[in-house]
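Colleague: Got a structure for you, written out below as structure tokens; questions coming shortly.
Bear in mind these aren't lab numbers, they're just calculated from the coordinates by the rules spelled out. From a predicted model like this one, the values you see are computed outputs, not experimental measurements. Cβ placement follows ideal geometry from the backbone for every residue including glycine, while neighbour counts extend to all protein chains displayed.
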Amino acid sequence: MFDEIELGREFFEGLTAIDAAILARAECEACRFCGGPLHRGDYARKPRGGLVAMAAEAFARRFSLCCGREGCRRRATPPSVRFLGRRVYVGAIVIVASVVALAQKSASATTRTTGVPARTTRRWLRWWRGPFVATAVFVELAGRLVPAVDRRSLPTSILERLSADAATRVQRMLGWLAPLTTTATVDGSRLLRDLV
């Protein structure tokens, strides 16, 4: 399904536009700690895209906000569809490389296809089967997708339920995973409504 997909510049420009819309919504809110105004405080990232998403490496700014009130200055980083938390690889490659790792017969074949080390994809597969299934995001997804999602084949079992081309499936899943990308914004899913 994803063996020959390459996520190009247009794909990541679309994700950047979604992130910009999420940021615009978050900028309208006040600091959750002191009620002060939020100001733009982006920071640099060095994203990796492997062989599948090399275009992602050009989009190296994580949109963020911080409180403008002296003495507070706390971060209010909104959810993102480009970055999956603090992972070095962009969210799209985490999904695609995990799917390829489940489909390939060997770890070396996965590495040749995606450019992601086998050790990294094994760690991601453990995350999909372990900590991910304990999140509120997974509980909500599992409730939406009937019949039940096969936990052993995550994320493939979620993507297979979506009807669209491969890139659109990845984009929709990134939208569902976006609340997991930050802990600095409470109920980040409200910022995502109608955007993905």
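Colleague: For the stretch 121-196, just list the percent of Cα-Cα distances falling in each 10 Å bin from zero outward, please.
Modeller: 17, 52, 29, 1
Colleague: Now for a different question. Looking at the stretch 9-188 only, what percent of DSSP beta bridges run antiparallel? Nearest 5 please. Write down the numbers at each step before the final one.
Modeller: Numbers: 8 of 9 bridges.
Counting DSSP beta bridges with both partners in the stretch 9-188, the antiparallel share is about 90 percent.
Colleague: Something else now. Relative to the longest principal axis of the chain, what angle (0 to 90°, nearest 10) does the C-alpha long axis of helix 118-129 take?
Modeller: Result, in degrees: 70.
Colleague: Please report, for the Cα atoms of the stretch 75-136, the Rg to one decimal and the Dmax as a whole number; what are they, in angstrom?
Modeller: 12.7, 43
Colleague: So what's the stretch 1-84 giving for Cα Rg divided by 2.2 N^0.38 Å, two decimals?
Modeller: For the stretch 1-84, the normalised Cα radius of gyration comes out at 1.30.
Colleague: Let me know the longest stretch in the chain that avoids all trypsin sites (Lys or Arg not before Pro) found in a DSSP loop with at most 11 other C-beta atoms within 10 Å.
Modeller: 106-192
Colleague: Can you list, largest first and rounded to whole Å, the semi-axes you get for the chain by taking the square root of 5 times each eigenvalue of its Cα gyration tensor?
Modeller: Numbers: eigenvalues 178, 69, 43 Å².
Over the Cα atoms of the chain, the semi-axes work out to 30, 19, 15 Å.
Colleague: Could you compute the longest span of the chain free of GluC sites (Glu not before Pro) located in DSSP loops and having at most 11 other Cβ atoms within 10 Å, not counting the site residues?
Modeller: 71-196
Colleague: Pairs of Cα atoms under 8 Å, at least six residues apart: use those to get the relative contact order of the chain, whole percent.
Modeller: 24
Colleague: For the chain, find the longest principal axis of its Cα atoms and tell me its angle to the long axis of helix 9-27, 0 to 90°, nearest 10.
Modeller: Taking Cα atoms only, the helix is inclined about 30 degrees.
Colleague: Right, next: Among VAL137, ALA148, THR185, whose Cα lies farthest out toward the positive end of the dipole of the stretch 124-196, if unit charges sit on the beta carbon of Lys, Arg (+1) and Asp, Glu (-1)?
Modeller: The residue sitting farthest along the positive end of the dipole is ALA148.
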